[in-house]
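Participant: I'd like to ask you about the structure that follows.
Laboratory data are not the source of any read-out in this text; all were calculated from the coordinates shown. Keep in mind that this is a model prediction, so the values were computed, not measured. As a convention, Cβ positions derive from the backbone with ideal geometry for all residues, glycine included, and neighbour counts pool all protein chains shown.
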Amino acid sequence: MKYSELKKRRYLCSKMIRIGKIVATHGLNGSLVMTNITNDSKWLEKGAVLMVEMQKGSFIPHFVATCKTMNPDEFLITIEEVDTQAAAKKLVTKHVYVDESLLAGLVQESPLMWIGFTVLDAHYGNIGKIEDVMQTGAQWIGKIDYRGNEALIPLVDATLEGIDVKGKILKTNLPEGLLEVYN
């Protein structure tokens, strides 16, 4: 097995965080525009591995060949072995994940880092683990599996009571009645 194959497999076993989405092609040489939900453009560099979700639950590793910051929310990237506009178009609209270690320099209390945290609520007790986070405008939303149903909870200052980064616990005080719709 080639070294590059071993390198790709290592990333398949790591904890991945959804970081953005490929939104467009750029030019004729396979360049891509990728959104970046961290509002930080310093973490991505040449050689980084982007895991592109081609189908639900199916991730393909791609190595960054070049990277240029367009603004804090977008990168212009090229990916090894994607060198035509036709090849690049196949990646448009796909979600992009990265290994959490790439984001180690970002603030540990970023909602992106809360994936896998257990949510302990003042009213409901242990309501589950955060499976994913999404940003809607200026607000973050956490997705949890609550009693067999997908539930969305607000991750805003008004509902957050504390964060235990080391223990991976998020303490909340959700509005009463918020989770009753999932019973």
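Participant: Could you tell me which of the pairs 129/168; 56/90; 21/68; 56/143; 42/166 are separated by over 18 angstrom between their Cα atoms in the structure shown? All intermediate terms of the calculation are to be shown ahead of the outcome.
Facilitator: Values: 129/168 10 Å; 56/90 15 Å; 21/68 16 Å; 56/143 16 Å; 42/166 24 Å.
Long pairs (Cα-Cα over 18 Å): 42/166.
Participant: Here's another thing I want to ask about it. Exposure proxy check: 133, 156 ranked by fewest other beta carbons within 10 Å?
Facilitator: Working: 133 20, 156 13.
Ascending Cβ contact count within 10 Å gives the list 156, 133.
Participant: If amide H atoms are built 1.01 Å from N in the plane of the peptide, which residues on other chains or at least 5 residues away come under 5 Å of the amide H of residue 48?
Facilitator: 64
Participant: Which FRET efficiency value, to the nearest 0.05, do you get for residue 86 and residue 35 by plugging their Cβ-Cβ distance into 1/(1 + (r/R0)^6) with R0 = 22 Å?
Facilitator: Details: r = 22 Å, r/R0 = 0.99.
FRET efficiency, residue 86 to residue 35: 0.50.
Participant: Hey, fewest Cβ within 10 Å first, where do 82, 33, 92 land in order? Write out the running numbers ahead of the final one.
Facilitator: Numbers: 82 22, 33 18, 92 13.
Listing 82, 33, 92 from fewest to most nearby Cβ atoms yields 92, 33, 82.
Participant: If neighbour count is taken as other Cβ atoms inside 10 Å, put 97, 182 in order from fewest to most.
Facilitator: On the way: 97 20, 182 15.
Fewest-to-most Cβ neighbours within 10 Å comes out as 182, 97.
Participant: Along the stretch 139-156, what does the Karplus equation 6.51 cos²θ - 1.76 cosθ + 1.60 (θ = phi - 60°) give for ³J(HN,Hα), rounded to whole Hz, x for Gly and Pro?
Facilitator: My calculation for the stretch 139-156 gives 10, 9, 10, x, 9, 10, 9, 10, 6, x, 10, 6, 10, 10, 10, x, 10, 10 Hz in order.
Participant: Between residue 43 and residue 120, how high is the FRET efficiency from 1/(1 + (r/R0)^6) when r is the Cβ-Cβ distance and R₀ = 35 Å? Nearest 0.05. Don't skip to the answer; put the middle values down first.
Facilitator: On the way: r = 29 Å, r/R0 = 0.84.
About 0.75, to the nearest 0.05.
Participant: For residue 174, what is the net charge nearby, where nearby means another residue's Cβ is under 15 Å from its Cβ and Lys, Arg count +1, Asp, Glu -1?
Facilitator: Details: positive: 143, 147, 171; negative: 121, 157, 161, 176, 180.
Here the charged neighbours net out to -2.
Participant: With N set to the residue count of the stretch 111-182, report its C-alpha Rg divided by 2.2 N^0.38 Å to two decimal places.
Facilitator: Details: Rg = 11.0 Å, N = 72, 2.2 N^0.38 = 11.2 Å.
So the Cα radius of gyration is 0.98 times the expected 2.2 N^0.38 Å.
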